[in-house]
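Read the structure below first, then the notes.
The values are calculated or read from the model by the stated rules, or taken from the named source; none is laboratory data. Quantities reported herein were computed from a predicted structural model and do not represent experimental measurements. Glycine gets a Cβ as well: all are built from the backbone with ideal geometry, and neighbour counts include every protein chain shown. Quick note on the areas: whole protein, heavy atoms, side chains included, nothing else; ligands and nucleic acids left out. Shrake-Rupley method; radii C 1.70, N 1.55, O 1.52, S 1.80 Å.
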Amino acid sequence: MDARLLKIEAARAALSYVESGTVIGIGTGSTAEEFVRLLAAAVAGGMQVTGVPTSERTATLCRELGVPLTTLEENPHLSVTIDGADEVGPELALIKGGGGALLREKIVAAASDRMIVIADATKLVETLGRFPLPIEVNRFGLAATRRAIGAAAARLGLDGALELRMVGEEPFLTDGGHCILDASFGLIPDPRALSNALHAIPGVVEHGLFLDLASVAIIAGQNGINTLAATR
């Protein structure tokens, strides 16, 4: 089974966590887009669901497929968020942000009763850090922020390139107008310590370590669906 089919199977399993008549968070990325397509079919079949998209990209797809949308201003409390992940580690600690929507993804997940992660088995890791950690930063003072991030990482024994994400010749900008530094720190033995250190840097808007947010991970592999639940 190829990677896209695995994503579809994980997304299909996530539909069982969505109840008609609820408002849900809808994630960003290739796996989340498979969920949007399946959700649109369910809506066409009579399911009454309204979504809060985590990016303009997801919002556009939802509108194209007929999934009703709302905002957190109108509905600040969500029943569940369905989203993908770049890595899924122990206790469902995640790295997210490969698609550049990590700030909105984290806001939406935190506003939800539960966050359900959908992924294929290649995203499961024993220690986070194989995937570069996206760090959303303010454009003002970018060089100073990058230097502060490097120093904070070094104090935790982490080292690696901090690459400004680009689109062609221009910096990639998030929906909020911020830049992203992709940090190739390698394995991160203490994600919580790194999270705290990054949050202490004024120029850091948010980072892609999602800790204590995911309730369930639906992992699709060659042998079927494996459902993992957080024990906290």
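Counting protein heavy atoms only, region 94-133 has 54 percent of its accessible area on carbon and sulfur, 1.4 angstrom probe.
Here the 3J(HN,Hα) profile of region 131-138, calculated from phi with Karplus coefficients 6.51, -1.76 and 1.60 at θ = phi - 60°, is 8, x, 7, x, 10, 7, 10, 6 Hz, Gly and Pro shown as x.
Just to confirm a number: summing +1 for Lys and Arg and -1 for Asp and Glu over residues other than ARG232 whose beta-carbon lies under 9 angstrom from that of ARG232, what do you get?
Result for the neighbourhood of ARG232: -2.
Applying a DSSP loop filter and a limit of 14 other Cβ atoms within 10 Å to the GluC sites (Glu not before Pro) in region 116-182 leaves GLU126, GLU169. Taking region 125-153 and a reference point 7 angstrom along Cα→Cβ of ALA110, the backbone N atoms nearer than 14 Å belong to 136.
In this simple spin-label model, placing a label point 7 Å from the Cα along the Cα-to-Cβ direction at both LEU187 and ALA144 gives a separation of 3.7 nm. The convex hull around the C-alpha trace of region 10-120, projected and averaged over every direction, spans 6.1 square nanometres. Phi angles of region 109-117 translate, via the Karplus equation with coefficients 6.51, -1.76, 1.60 and θ = phi - 60°, into HN-Hα couplings of 4, 5, 8, 9, 5, 9, 10, 9, 9 Hz per residue; Gly and Pro are given as x.
Sites listed here are trypsin sites (Lys or Arg not before Pro) in region 138-228 whose DSSP assignment is loop and whose Cβ has at most 13 other Cβ atoms within 10 Å: ARG139.
Qualifying chymotrypsin sites (Phe, Trp or Tyr not before Pro) in region 150-218, where qualification requires a DSSP coil assignment and no more than 16 other C-beta atoms within 10 Å, comprise PHE172. Listed values for region 170-176 are Karplus-derived 3J(HN,Hα) couplings in whole Hz (6.51 cos²θ - 1.76 cosθ + 1.60, θ = phi - 60°), namely 10, x, 5, 10, 6, 4, x, and x replaces Gly and Pro. So, counting K/R as plus one and D/E as minus one, what does the shell of residues with Cβ under 10 Å around LEU5 add up to? Residues close to LEU5 contribute a combined charge of -2.
Of the solvent-accessible surface of region 157-206, computed with a 1.4 Å probe over protein heavy atoms with every protein chain present, carbon and sulfur atoms account for 54 percent. For the chain, the dipole from Cβ point charges (+1 on Lys and Arg, -1 on Asp and Glu) about the Cα centre works out to 200 debye, to the nearest 20. Seen from LYS106, the other residues with C-beta closer than 11 Å to its C-beta sum to a net charge of -2, counting Lys and Arg as +1 and Asp and Glu as -1. At an R0 of 35 angstrom, the distance between the Cβ atoms of THR60 and THR231 translates into a FRET efficiency of 0.40. Beta-bridge orientation, the chain: approximately 50 percent antiparallel, per DSSP, counting only bridges with both partners inside.
The alpha carbons of the chain give a radius of gyration and a Dmax of 17.4, 54 Å, in that order. Note on ARG130 and SER30: their simple-model spin labels are 1.5 nm apart, each label 7 Å out from Cα toward Cβ.
Compute the accessible area per residue over the chain, keeping the other protein chains in place, probe 1.4 Å, unit Å².
Here the residues of the chain average 45 Å² of exposed surface.
Between GLY84, LEU15, ALA144, the Cα set farthest toward the positive side of the dipole of the chain (charges on each charged residue's Cβ, about the Cα centre) is that of ALA144. With a point put 7 Å past each Cα toward its Cβ, work out how far LEU69 is from GLU170 in nm, to one decimal. Inter-label distance under the simple model: 2.1 nm.
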